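Visitor: I have a structure here, written as structure tokens, and I will follow up with some questions on it.
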Amino acid sequence: PNEIESVTTLRSLTMSDCALMGTIPAGIALLSNMRELSLYNNHLTGTVSSELALLTSLRYFHIEGNSISGELPNSICGLFDSKLESLAADCRGPNPEVECVCCTCCESPCIGVEPVSAHDLLDRSGIDIKHSYQQKALFWLENDEALQSFSDEQILQRFTLACIYFATNSVSTLYTRSAFGQRLVIPEWTKSDKWLTVANQCTWYGIKCDKNGLVSAIDLHKNGVTGAIPDDIRYLGTSLTYLDLSDNLVYNSNENLSWISALTELTYLNVFYCNFAYDGPPVYLKNLTKLTHLDISYSLFFGDIDGEVFSGMRNLEYLSMGGNSYGVNLPKEIASLPSLKTLFMEDADIKGGLDLLSNMSSIENIRFDGNADLVGSIPGSISKLKNITRFSASGCALTGTIPTTIGLLKHLQELFLLDNSLTGTIPTEIASLSELRQFHIEGNNLFGS
């Protein structure tokens, strides 16, 4: 029927060996997601509309075994320059019903012409099946009843998600043994609604998709994820913008974190409290120049901070790096990030002083607590932090007096400086901070009233 043009999400239409009559509706050309159109062995008549050349995602077009006539438009042949792989019509013999110079088959029916298998698709995509979790994912995919309703890219993404599931669901590591003991069976994911079902992957728990039906977000925080995030996740790199793996017992280290560098579309990455190990923040983060939110706190990123890793993150607004041991000064590349509003660097073994504060033109929230080697005085240039609402540097080794210029921070709401070695009196200028709600300076050598 002509109304079929309204089913815009349709990707596969197989109605062969039926008793269909009439012509092929030109409105089918509006189904831009169509990848398989099989109408062979019916009673269809008329000609093939050139408008069907608009189906640039079409891979299989079979109309043999009908009463269709005329010349197949050259524009249909042009689809081979897009994704078309198989084109069949009644074009056999010296006087064919359909004149077709590009058909791959003129028989009726075309025996042996089948959609590409899942294994062939993965092979063509350069994926080498080497691991047991990949084999499990491939077995599931080859038995996926909904497979032919998805585009090649979506099939690849279903495979990738299946790899993530099999690689991280009830898989033992050093850290699961520490958490659960030597039990034979590790708990499964806390939630896995619709995973590995015929349901569209966009409806699986923790998954969101963009307008093209490609995976744009994975949120599996605090979900009992174990094992290791597989390298296959890199195949989501063209569409994935949001990834939250926080608070899980997943374990990746060193080059097994290289998949991070392929997720170049990410704007949000949270691996808080994951057992990700590397010598300092991984160099793979350098490619993620679109990030606005990055949380790598309380992981296992112990060691020197390479400032160049962060230098290209000009859109970064939120950076949490606490709970790791770096043993270095705060890099100037981080202090100079133009969009940075929140910096959490507590309990991070940060050394040096606070001289770089004046570079943080957009900062609103700073947390330096628990860095025993953070020394020196609070610089008078702290007054340049015009947008600051919360400043916390308790349990450090700050000395000197509280600068009077702190009274210029008109938006300051919370100031925590307890347990340092500050001296002198409390500046009267603090009384002008009308938005100040919390002010803690106990545990210092301050005097006066």
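The values are calculated or read from the model by the stated rules, or taken from the named source; none is laboratory data. All values reported here derive from a predicted model rather than from experimental measurement. Reconstructed Cβ throughout: ideal geometry from the backbone, glycine too, with neighbour counts over all protein chains shown. Remember, those area values only see protein heavy atoms, side chains included, never the ligands or the DNA or RNA. Shrake-Rupley method; radii C 1.70, N 1.55, O 1.52, S 1.80 Å.
Visitor: Among the residues of region 380-408, which ones are open to solvent by 20 Å² or more (accessible area, probe 1.4 Å) and touching a Pro at 6+ places or on another chain (Cβ under 7 Å)?
Guide: Answer for region 380-408, where residues must be open to solvent by 20 Å² or more (accessible area, probe 1.4 Å) and touching a Pro at 6+ places or on another chain (Cβ under 7 Å): GLY380, THR404.
Visitor: Here's another thing I want to ask about it. Can you name every residue in region 69-102 that is among the aliphatic types (A, V, I, L, M) and either in contact with a Leu (Cβ under 6 Å, 6 or more places away or on another chain) or open to solvent by less than 20 Å² (accessible area, probe 1.4 Å) (or both)?
Guide: LEU72, ILE76, LEU79, LEU84, LEU87, ALA88, ALA89, VAL98 - these are the residues of region 69-102 that are among the aliphatic types (A, V, I, L, M) and either in contact with a Leu (Cβ under 6 Å, 6 or more places away or on another chain) or open to solvent by less than 20 Å² (accessible area, probe 1.4 Å) (or both).
Visitor: Could you count how many residues in region 210-231 are over 25 Å from ARG177 (Cα atoms) and in contact (Cβ under 8 Å) with a residue 24 or more places away in the chain?
Guide: 8
Visitor: Mind checking which residues of region 121-144 are farther than 23 Å from LYS83 by Cβ and either not in a helix (DSSP H, G or I) or not polar (S, T, N, Q) (or both)?
Guide: Within region 121-144, ASP128, ILE129, LYS130, HIS131, TYR133, LYS136, ALA137, PHE139, TRP140, ASN143 meet the criteria.
Visitor: Still on this structure, please answer the following. Check off (1) outside any helix (DSSP H, G or I); (2) open to solvent by less than 10 Å² (accessible area, probe 1.4 Å) for LEU285 and give me the number that stays unchecked.
Guide: (1)
Visitor: Residues that are farther than 22 Å from GLU317 by Cβ, over 36 Å from the mean Cα position of the chain (by Cα) and of a type outside the set (Ser, Thr, Tyr): find the strands (runs of 3 or more DSSP E) completely inside region 332-428 holding 2 or more of those.
Guide: 397-400, 421-425
Visitor: Next question, about the same structure. Is it the case that some residue within region 202-215 is under 11 Å from the mean Cα position of the chain (by Cα), aromatic (Phe, Trp, Tyr) and either at negative phi or not in a loop (DSSP other than H, G, I, E, B) (or both)?
Guide: The answer is no; no qualifying residue exists.
Visitor: While we're on this one: Can you spot a residue in region 19-37 that is under 17 Å from SER149 (Cα atoms), open to solvent by less than 50 Å² (accessible area, probe 1.4 Å) and small (Gly, Ala, Ser)?
Guide: no
Visitor: Tell me which residues, restricted to region 187-207, are hydrophobic (A, V, I, L, M, F, W, C) and surrounded by 13 or more Cβ atoms within 10 Å (Cβ to Cβ).
Guide: Those that are hydrophobic (A, V, I, L, M, F, W, C) and surrounded by 13 or more Cβ atoms within 10 Å (Cβ to Cβ): TRP189, TRP195, LEU196, CYS202, TRP204, ILE207.
Visitor: Taking into account only those residues within region 429-444 that are among the polar types (S, T, N, Q) and part of a loop (DSSP other than H, G, I, E, B), which is nearest to LYS341 (Cα to Cα)?
Guide: Looking at residues that are among the polar types (S, T, N, Q) and part of a loop (DSSP other than H, G, I, E, B), I get SER434.
Visitor: Across region 292-327, what is the number of residues that are closer than 18 Å to ALA372 by Cα and surrounded by fewer than 18 Cβ atoms within 10 Å (Cβ to Cβ)?
Guide: Residues that pass the stated criteria total 5.
Visitor: Continuing with this model, one more query. Being touching a Ser or Thr at 6+ places or on another chain (Cβ under 6 Å) and not aliphatic (A, V, I, L, M) is the filter; apply it to region 38-53 and report the residue that is nearest to GLN148 (Cα to Cα).
Guide: Step by step, filter region 38-53, then rank; the result is SER38.
This table checks each residue for (1) at pLDDT below 95; (2) touching a Ser or Thr at 6+ places or on another chain (Cβ under 7 Å); (3) among the β-branched types (Val, Ile, Thr).
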position: GLY352; (1), (2), (3): no, no, no
position: SER362; (1), (2), (3): no, yes, no
position: GLY380; (1), (2), (3): no, yes, no
position: ARG390; (1), (2), (3): no, no, no
position: THR399; (1), (2), (3): no, yes, yes
position: LEU412; (1), (2), (3): no, yes, no
position: GLN438; (1), (2), (3): no, no, no
position: GLY443; (1), (2), (3): no, no, no
position: GLY448; (1), (2), (3): yes, yes, no
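Visitor: Still on this structure, I have one more. I'd like to verify a number: residues in region 148-158 that are open to solvent by less than 40 Å² (accessible area, probe 1.4 Å) and in contact with a Ser or Thr (Cβ under 9 Å, 6 or more places away or on another chain), how many?
Guide: Count: 5.
Visitor: Related question: Which numbered condition in (1) modelled with pLDDT of 95 or more; (2) buried (at least 18 other Cβ atoms within 10 Å of the Cβ); (3) closer than 30 Å to THR14 by Cα is the only one that ASP210 fails?
Guide: All conditions pass for ASP210, except number (2).
Visitor: Kindly indicate which of LEU72, LEU58, LEU54, LEU79 is at pLDDT 85 or above and over 42 Å from the mean Cα position of the chain (by Cα).
Guide: LEU72
Visitor: Cβ-Cβ under 8 Å, sequence separation 6+ or interchain: first residue in region 359-386 and over 17 Å from MET345 (Cβ atoms), partner part of a strand (DSSP E or B). Which pairs?
Guide: SER377/LEU398; SER377/THR399; SER377/GLY400
Visitor: Tally time: how many residues in region 159-186 are over 30 Å from LYS211 (Cα atoms) and open to solvent by 50 Å² or more (accessible area, probe 1.4 Å)?
Guide: 11
Visitor: Would you confirm whether any residue within region 45-68 is touching a Lys or Arg at 6+ places or on another chain (Cβ under 8 Å), in contact (Cβ under 8 Å) with a residue 24 or more places away in the chain and either in a helix (DSSP H, G or I) or open to solvent by 20 Å² or more (accessible area, probe 1.4 Å) (or both)?
Guide: Yes; the residues of region 45-68 include at least one that is touching a Lys or Arg at 6+ places or on another chain (Cβ under 8 Å), in contact (Cβ under 8 Å) with a residue 24 or more places away in the chain and either in a helix (DSSP H, G or I) or open to solvent by 20 Å² or more (accessible area, probe 1.4 Å) (or both).
Visitor: May I pose another question? Name the pairs whose Cβ atoms lie under 9 Å apart, with the first residue in region 248-270 and more than 18 Å from SER297 (Cα to Cα), the second among the polar types (S, T, N, Q) and part of a helix (DSSP H, G or I), and 6 or more positions between them or separate chains?
Guide: Listed by first residue and then by second, the contacts come to SER261/ASN287; ALA262/ASN287; LEU263/ASN287; THR264/ASN287.
Visitor: How many residues are farther than 23 Å from ASP193 by Cα and open to solvent by 10 Å² or more (accessible area, probe 1.4 Å) if we restrict to region 235-259?
Guide: 7
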